[in-house]
């Protein structure tokens, strides 16, 4: 049994899963391949794109998805993670968890007897990264370009580092000092990059980082759980806004990406996210196709 807790878990299968996603989007996969299968979806954190894309995706694959908030299961009332994992495994064919702490998802996977899919934790967001690279493939045609992430070295950034390394795509992370990606993720990404020929750079010099970029990507400066740091973060990230001036330093055909939700006027200006170089709606749609590929790959 295989789980998707981290992009590291699919280092050798990323290309296969992306090709599956392309086939799903093109309508080239057999009808209802997961007929009769059930996916439990545990949400400790709310979401628009994660819930809708998994639920619709499972329906389109012929299966059913069960939405379980923290208030819907006993784990939210103190039941041990092990007990919840063992019991729910007896009812369903797979479990997607959108959790607060990565360690809880790791523990859940150790006790479960069905595949576990990480729908987001504080450390990684692998399903988002797969959708992102599907979008890059669609718009650039390959992974030969320069990917630049601007802003907070958060869970999305961590997964992007790993997946770019797996695909041989050069990635630069431009973030303020003190907001770098997870150190273990950086080390793991560098090891993977050595195998696939990608170059990884971490810098605080945002203007130099985006020169010649083919992709400029950003995320919110204040994620769920960081609200108490709002004033400090607004100050620290003030020079990391993606605006037209920054986009002009990238290649002429560069695309702008954001995992959404976005706060216009903060991490990105309206003229960029709503402009011709923005592919954020394609990117959001691709959560559906990428996650159908993931569910097919892990539950078939």
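Quick note: the coordinates plus some simple rules give every number you see, no bench work behind them. As the structure is a prediction and not an experimental result, all values here were calculated from the model. Neighbour counts run over all protein chains shown; Cβ positions are idealised from the backbone, glycine included.
Here are a few things to note about the model shown:
- Helix 102-111 axis, angle to the chain major axis (alpha carbon atoms, nearest 10°): 30 degrees
- For the range 161-300, the antiparallel share of DSSP beta bridges with both residues in that region comes to about 0%.
- Over the chain, dividing the summed -39,500 (n - 2.57) contributions of all DSSP H runs of at least 4 residues by the number of residues returns a 222 nm mean residue ellipticity of -12500 deg cm²/dmol.
- Kirkwood-based Rg to Rh ratio, the chain, C-alpha trace: 0.96
- Taking a ≥ b ≥ c as the square roots of the eigenvalues of the Cα gyration tensor, the range 128-283 is oblate, since a/c reaches 1.5 or more and a/b is not larger than b/c.
- Relative contact order of the range 128-283, taken over Cα pairs closer than 8 Å and 6 or more residues apart, is 24 percent.
- Hydrodynamic analysis of the range 157-207 uses the Kirkwood radius over alpha carbon pairs. Inserted into Stokes-Einstein at 37 °C and 0.692 mPa s, it gives a translational diffusion coefficient of 306 µm²/s.
- Efficiency of FRET between residue 245 and residue 70 - r from beta-carbon atoms, R0 45 angstrom, step 0.05: 0.60
- Nearest 10 degrees, 0 to 90: helix 126-140 Cα axis against the chain principal axis: 50 degrees
- Separation of the range 1-46 from the range 100-114 is 18 Å, based on Cα centroids.
- Taking Cα atoms only, the orientation of helix 280-299 departs from the longest principal axis of the chain by about 40 degrees.
- When peptides 246-254, 227-235, 185-193 are ranked by their average number of other Cβ atoms within 10 Å per residue, the highest-first order is 185-193, 246-254, 227-235.
- Overall form of the range 9-157 per C-alpha gyration tensor (a/c, 1.5; a/b vs b/c): oblate
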